[in-house]
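Colleague: Encoded as structure tokens, here's the structure I'll be asking about.
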Amino acid sequence: MPLSKRALAEFFGTFWLVFGGCGSAVLAAAFPALGIGFVGVSLAFGLTVLTMAFAIGHVSGCHLNPAVSVGLVVGKRFPVSELLPYIVAQVAGAVAASGVLYLIASGKPGFSLTGGFASNGYADHSPGGYNLLACFLIEVVLTAFFLLVILGSTDVRAPKGFAPIAIGLCLTLIHLISIPVTNTSVNPARSTGPALFVGGWALSQLWLFWVAPILGAILGGLISTTFFAAPQEPLSEEMAR
């Protein structure tokens, strides 16, 4: 499969993740009487990954996340030569999804970006008021375990065909844990899209949601390759099974 087509799949997949996950937070989380709340938003993020893993996993591997792509490089499951095109496509998809979501959300009278627009933040902009260290640590730890689940569930020795379910449920669990802390990133592209529209504090705090997830992904990739790895095929081939 040409790199251009795989990158395009990453664009659409990341669009779906951000539109579905952040859209549920912006449009449905606090809807009067019927709001889906933290649990609903957590499920929405998990479902976006689950559905896209089945839709494009056989095309691009369904990374949808610069940190995941970096972790897969560290885990020797993705070529470093293709890392930049994947990251560009993922960020572009996240920005495009945020733009469409903004057009929809702003169609309601009284809409304002001061509500955060599903941006990630720490300290005064953490949903629960958690400090910088707490937010940094949780993003590192959760992304590391996310990579362990991704690499483990797509291992050649793992049961075939269940990886999308494990990965989607893992992302749901991650959100259930950390929405009150950082509004949950574990994905620099997901953080970048909304932050570009909010500006100000969201952009000034965006560095954490690149550095911490990528550091966590590197740790997860190193742990997996050091302790658990077996000779593997490229991830896109594994998920096609």
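The values are calculated or read from the model by the stated rules, or taken from the named source; none is laboratory data. Keep in mind that this is a model prediction, so the values were computed, not measured. Please note: Cβ atoms are built from the backbone with ideal geometry, for glycine as well, and neighbour counts cover all protein chains shown. Just the protein is used for accessible areas: all its heavy atoms, side chains included, with ligands, DNA and RNA removed. Shrake-Rupley method; radii C 1.70, N 1.55, O 1.52, S 1.80 Å.
Colleague: Tally up the residues in segment 174-183 that are of a type in the set (S, T, N, Q) and open to solvent by 10 Å² or more (accessible area, probe 1.4 Å), please.
Modeller: Total satisfying the criteria: 1.
Colleague: So is A67 of a type in the set (A, V, I, L, M, F, W, C), under 26 Å from L27 (Cα atoms) and either at pLDDT 95 or above or open to solvent by 60 Å² or more (accessible area, probe 1.4 Å) (or both) or not?
Modeller: So A67 fails the test.
Colleague: Given the structure, is F78 without any contact (Cβ under 8 Å) to a residue 12 or more places away in the chain, of a type in the set (F, W, Y) and outside any helix (DSSP H, G or I)?
Modeller: no
Colleague: Of all residues in segment 6-31, count the ones that are assigned to a loop (DSSP other than H, G, I, E, B) and of a type in the set (F, W, Y).
Modeller: 1
Colleague: Name, by its number, the condition in (1) in contact with a Phe, Trp or Tyr (Cβ under 6 Å, 6 or more places away or on another chain); (2) open to solvent by 40 Å² or more (accessible area, probe 1.4 Å); (3) of a type in the set (S, T, Y); (4) assigned to a loop (DSSP other than H, G, I, E, B) that does not hold for Y102.
Modeller: (4)
Colleague: Between a residue in segment 214-226 that is closer than 13 Å to V149 by Cα and part of a helix (DSSP H, G or I) and any residue that is open to solvent by 60 Å² or more (accessible area, probe 1.4 Å) and of a type in the set (F, W, Y), which pairs come within a Cβ distance under 7 Å, given they are 6 or more apart or on different chains?
Modeller: The qualifying pairs are G220/F145.
Colleague: Which condition from (1) at pLDDT 95 or above; (2) in contact with a Gly (Cβ under 9 Å, 6 or more places away or on another chain); (3) over 20 Å from G193 (Cβ atoms); (4) surrounded by fewer than 24 Cβ atoms within 10 Å (Cβ to Cβ) is the one that K76 breaks?
Modeller: Unmet for K76, out of (1) at pLDDT 95 or above; (2) in contact with a Gly (Cβ under 9 Å, 6 or more places away or on another chain); (3) over 20 Å from G193 (Cβ atoms); (4) surrounded by fewer than 24 Cβ atoms within 10 Å (Cβ to Cβ): (1).
Colleague: Give the residue that is farthest from S98 (Cα to Cα), with candidates limited to residues of segment 145-173 that are β-branched (V, I, T) and either under 15 Å from the mean Cα position of the chain (by Cα) or open to solvent by 20 Å² or more (accessible area, probe 1.4 Å) (or both).
Modeller: V156
Colleague: Keeping to segment 184-229, report how many residues are crowded, with 24+ Cβ neighbours inside 10 Å, within 12 Å of the chain's Cα centre (by Cα) and either over 16 Å from T14 (Cβ atoms) or of a type in the set (A, V, I, L, M) (or both).
Modeller: 3
Colleague: Enumerate the pairs (first residue in segment 163-187 and free of Cβ contacts under 8 Å to residues at least 12 places away in the same chain and over 11 Å from F146 (Cβ atoms); second residue anywhere and part of a helix (DSSP H, G or I) and open to solvent by less than 20 Å² (accessible area, probe 1.4 Å)) with beta-carbon separation below 7 Å, excluding pairs fewer than 6 apart on the same chain, so at least 6 apart or on different chains.
Modeller: Once the first residue is free of Cβ contacts under 8 Å to residues at least 12 places away in the same chain and over 11 Å from F146 (Cβ atoms) and sits in segment 163-187, no partner that is part of a helix (DSSP H, G or I) and open to solvent by less than 20 Å² (accessible area, probe 1.4 Å) comes close enough.
Colleague: Same structure again: Would you mind stating whether E139 is surrounded by fewer than 24 Cβ atoms within 10 Å (Cβ to Cβ), among the acidic types (D, E) and touching a residue at least 12 places away in the same chain (Cβ under 8 Å)?
Modeller: No; evaluated as a whole, the condition is false for this residue.
Colleague: Oh, and also: Please find, among L133, L83, the residue that is within 17 Å of the chain's Cα centre (by Cα) and modelled with pLDDT of 95 or more.
Modeller: Exactly one residue qualifies, and that residue is L83.
Colleague: Go through segment 10-55 residue by residue and tally those that are surrounded by 15 or more Cβ atoms within 10 Å (Cβ to Cβ), without any contact (Cβ under 8 Å) to a residue 60 or more places away in the chain and over 19 Å from H175 (Cβ atoms).
Modeller: 1
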